[in-house]
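Written below as structure tokens is the structure these notes are about.
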Amino acid sequence: MSTKKTEQAPIAVEEVLSKSEAFAHKYKNAIIGAVVAIVLFVVGSTLYKQYVSAPAEKEAAEALYAAQALFDEGKFQEALDGDGANLGLIAVAEEYSGTASGNLANAYAGLALAQVGRYQDAIPYLSDFSGDDQMVAPAVKGALGNCYAQTGDSDKAISCFLDAASEADNNTISPYYLLQAGILYEQAGKADKALKLYEQIKSDYPASIQAMDIDRYINRVK
């Protein structure tokens, strides 16, 4: 998904981390998360410009552009349903499924559904998104993990978080999702597995924001 783009106001990583003690209940307002917000900001508006000259993609890109504008304004339900004059994200994803814009609309639709509390509905859209960009694809997979966590499926949530961390392998995304997976392991009574992830953050991503406070988590599960 290196050629696809999205825009959204970033959410502070510190704010997300401050809520991690009660992760399962308190992170829903940050469901998109700092990582997804920042990554999609980088990926968003250029899509329209890039594909406007390609006949097969032009109509899809224009349709997504209108829905994206509503998403960027925080009008998530309107972005999903359309504004009467333009298609919503769900329609774009379905009607232009064979295009780059239709693919990106899956990610947008999933994130918007999560923002309005429809986590179960968000899962198939986030799952249908495909991409190989080292920032975007893992970030969307992490958002999928958040939705699984919100629906009570901790095992799938952890799996998504670990996959996202592994695929990204960078100081921004990886420690963020390793921490989330570790917290879920703690909540499941698997302190040993949580400890391994916390120690991985400390050893592999010492320059990350998460590493600054990781000793507290390590000490707690030892």
Scaled by the rule-of-thumb 2.2 N^0.38 Å, the alpha carbon Rg for segment 87-148 gives a ratio of 1.01
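With Cβ to Cβ distances under 12 Å as the rule, what net charge do the other residues near Ser166 carry (K, R +1; D, E -1)?
That works out to -3.
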Please work out the Cα convex hull volume for segment 80-222 and give it in Å³ per residue. 105 Å³
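Every number here is computed from the coordinates shown, using simple stated rules; none is lab data. All figures in this text were calculated on a predicted structure; none of them were measured in a lab. With ideal geometry, Cβ positions are generated from the backbone for all residues, glycine too; neighbour counts draw on all protein chains shown.
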